[in-house]
Amino acid sequence: MPPTIRDVLGSSRLRLRLVVPEDRDAEAVGAEVGWVHSSDLADPTPFLDSGQLLLTDGSQFPLGWTDGSAEDAYVERLVARGICGLGFATQVIHGSVPGALVEACGRHGLPLIEVPDRTPFIAIIRFVADWIAREQHAQAEWSLQAQRAIARAALRPDGLRSILGEMERQLRCWVALFDAAGNYLRMPSTTPMPSGLVGDVTDAARAALNRGERSVVQKELEGQQVTLQTLGRRNRLRGVLALGGLESLDPARIDIVNSVIALASLALEQTRSLDTARQHLRAGVFEQLLSGRPEVAASTARQVWGRLPADPVVVALARPAAQGQNLLEALELLSDDHRGAVFYAPRETNVVVLSSPQQQQKVLEVLARYDAAAGLSNPTPYAALADGLGEAERALDRALELSRPVVEFSEIAGRGMLGLLRSEKAESVAQSVLQPLLRDDSAEARQLLEAVTVWLGSNCGWEKAAAELGVHRHTLRNRIDAAGRRLGLNLDTLHDRLELWAAVQFLDARNGPREA
């Protein structure tokens with residue numbers, strides 16, 4: 001870092017004296033000196049940059065007493081420009097520092113230094129230049145040593161963890177790694193992430209992963225600046241690296257961070273081909289199960305993942321909305337955490353998951369996190385896995401039709417076709433079919449609706465329906481024909497009879513809408 005005004009004053013060779021403020025411990029004396037510039041112009045600010053120390057021999061100020069307005073305006077311009085201090089040479093033009101200038105610097109809080117006639121300006125400039133050069137050399141040396149340490153860490157068996165540990169040591173910060181599903185991977189650490197930040201940082205990491213883009217996010221959390229960097233490629237993110245408690249990020253530290261991100265991304269990418277091979281193997285195991293060879297499938301799975309879920313299993317067929325690769329990686333982690341209870345395999349554009357009924361909720365939570373639509377089968381033995389897959393396919397089709405996240409096959413099978421119609425609120429359609437009779441409050445309309453209801457309830461049997469209504473069967477037939485004409489239906493055809501029968505299931509002939 002550059003020297004401060006206090007460092008410049010501390011050089012015995014320069015023999016400088018602090019005039020304003022009187023206390024060397026004042027905050028203004030701790031300002032960093034980015035460079036030193038000399039000028040005797042009345043307004044040198046167009047040629048100055050913020051953070052510079054200005055040296056002058058005072059030729060722009062008149063000798064003798066003044067009202068101080070020129071000095072005040074001069075100092076005000078320097079402060080507005082961001083000048084960190086003013087050095088005034090004595091015994092050149094002025095025998096001492098002008099009082100008006102001292103008062104102006106005191107009012108505006110600008111450090112004022114007296115430069116004796118035996119101290120050339122070039123000596124002050126060289127002091128600052130040499131200091132900055134030493135700092136830059138030390139920074140470059142530190143960066144080189146840090147890069148070497150990280151490179152050595154990458155060669156260790158646990159390369160990724162060693163790289164992150166070395167970065168933590170070199171940057172004196174805490175480092176946190178999140179996997180592709182946004183789970184916080186706890187690692188041995190000398191400076192762990194503060195427990196109070198875990199929730200917020202995890203949420204930020206998952207949000208970055210869900211966007212699927214390479215990104216750098218900076219957040220202010222509980223007074224700490226936290227930086228989150230995604231790892232991997234676009235739409236194939238492998239995780240998130242979080243850094244917190246950092247000192248200021250100078251170029252050397254930025255290089256370290258970039259190097260670690262590159263090495264971490266490379267380490268994660270190297271496992272991608274292995275992941276792809278494992279997914280192909282999973283697909284093969286599932287096809288063996290589907291083709292009726294459970295022994296071969298179980299033997300293959302046991303050597304790589306452990307045993308398969310025990311009979312019976314729930315088959316979940318999921319259609320990823322986006323970030324399908326991230327969903328697969330999340331399921332990989334879930335199946336690893338619940339070995340013997342969860343198994344997944346990619347299947348064309350879908351993902352099939354076999355799980356014990358007890359783990360079904362955990363599977364649904366993962367699918368919901370990635371907005372995947374899913375269909376669930378009834379619990380199914382491996383011997384009938386093809387049937388279970390068919391149930392899951394029909395349930396998934398229904399979920400996609402209804403834009404629902406999950407549909408269970410039991411919803412379809414348990415309520416039959418009428419259940420499906422009711423789930424679609426078919427009462428309004430039924431009312432439209434029967435509207436010509438429902439909107440007519442006459443005795444004839446009620447009589448026709450009653451005749452239709454009883455006749456359909458008797459499986460269109462004339463004798464039974466006529467007896468129940470207490471009329472002759474010819475009378476009943478006339479009423480049914482009249483109802484057909486009013487409704488625009490030909491009740492001699494099976495199609496129109498079914499249309500009317502389905503409508504009646506949702507309406508009571510006397511009391512309006514009813515439960516079927």
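The values are calculated or read from the model by the stated rules, or taken from the named source; none is laboratory data. Please read all numbers here as calculations on a predicted model, not as lab measurements. We place every Cβ from the backbone using ideal geometry, glycine too, and count neighbours over all the protein chains shown.
Listed by first and then second residue, the pairs with beta-carbon distance under 6 Å, at least 6 apart or on different chains, first residue in region 93-104 and in the same structural domain as SER59 (by TED's automatic domain parsing), second at pLDDT 90 or above and assigned to a helix (DSSP H, G or I), are ALA100/GLU71; LEU101/GLU71; ALA104/GLU71; ALA104/ASP72; ALA104/VAL75. The number of residues in region 35-57 that are of a type in the set (Gly, Ala, Ser) and in contact with a strand residue (DSSP E or B) (Cβ under 6 Å, 6 or more places away or on another chain) comes to 1. Among all positions in region 192-214, there is no residue which is in the same structural domain as SER162 (by TED's automatic domain parsing), among the hydroxyl-bearing types (Ser, Thr, Tyr) and assigned to a loop (DSSP other than H, G, I, E, B). Out of all the residues in region 150-157, is one or more β-branched (Val, Ile, Thr) and at pLDDT below 80? Among the residues of region 150-157, at least one is β-branched (Val, Ile, Thr) and at pLDDT below 80, which makes the answer yes.
Would you call GLU329 part of a helix (DSSP H, G or I) and closer than 15 Å to GLY388 by Cβ? No. For region 101-142, taking the residues that are among the acidic types (Asp, Glu) and outside any helix (DSSP H, G or I), the one that is nearest to THR56 (Cα to Cα) is identified as GLU114. In the set (1) modelled with pLDDT of 85 or more; (2) surrounded by 14 or more Cβ atoms within 10 Å (Cβ to Cβ), the condition left unmet by ASN459 is number (2). Would you say ARG415 is on the phi < 0 side of the Ramachandran plot, at pLDDT below 90 and either touching a strand residue (DSSP E or B) at 6+ places or on another chain (Cβ under 8 Å) or buried (at least 19 other Cβ atoms within 10 Å of the Cβ) (or both)? Criteria not met by ARG415.
PRO62 - would you say it is free of Cβ contacts under 8 Å to residues at least 12 places away in the same chain, of a type outside the set (Lys, Arg), part of a helix (DSSP H, G or I) and more than 22 Å from PHE127 (Cα to Cα)? It is false that PRO62 is free of Cβ contacts under 8 Å to residues at least 12 places away in the same chain, of a type outside the set (Lys, Arg), part of a helix (DSSP H, G or I) and more than 22 Å from PHE127 (Cα to Cα).
Cβ-Cβ distances below 6 Å connect the following pairs, each with a first residue in region 278-304 that is of a type in the set (D, E, K, R), a second residue that is surrounded by 18 or more Cβ atoms within 10 Å (Cβ to Cβ) and not in a helix (DSSP H, G or I), and a separation of six or more residues or different chains: ARG282/ALA345.
Under the condition of being crowded, with 21+ Cβ neighbours inside 10 Å and at negative phi, the residues counted in region 230-252 number 9.
Any idea which of ALA383, ALA368 is part of a helix (DSSP H, G or I), in contact (Cβ under 8 Å) with a residue 40 or more places away in the chain, in the same structural domain as ALA318 (by TED's automatic domain parsing) and surrounded by fewer than 16 Cβ atoms within 10 Å (Cβ to Cβ)? Result of the check over ALA383, ALA368: ALA383. Put simply, of ARG339, ARG307 the only residue that is assigned to a loop (DSSP other than H, G, I, E, B) and within 26 Å of ARG206 (Cα to Cα) is ARG339. Counting only residues that are touching a Lys or Arg at 6+ places or on another chain (Cβ under 8 Å), polar (S, T, N, Q) and modelled with pLDDT of 70 or more, region 246-267 holds 0 of them. Would you confirm, using the coordinates I've provided, whether LEU55 is modelled with pLDDT of 95 or more and assigned to a helix (DSSP H, G or I)? Answer is no for this residue.
Residue count for region 433-452 under the criterion of being assigned to a helix (DSSP H, G or I) and either in contact with an Asp or Glu (Cβ under 8 Å, 6 or more places away or on another chain) or surrounded by fewer than 15 Cβ atoms within 10 Å (Cβ to Cβ) (or both): the result is 4.
Applying a threshold of 9 Å to beta carbon distances and a minimum spacing of six or more residues, or different chains, the list of pairs starting in region 436-459 at a residue that is of a type in the set (Lys, Arg) and ending at one that is assigned to a helix (DSSP H, G or I) reads ARG439/ALA445; ARG446/LEU437.
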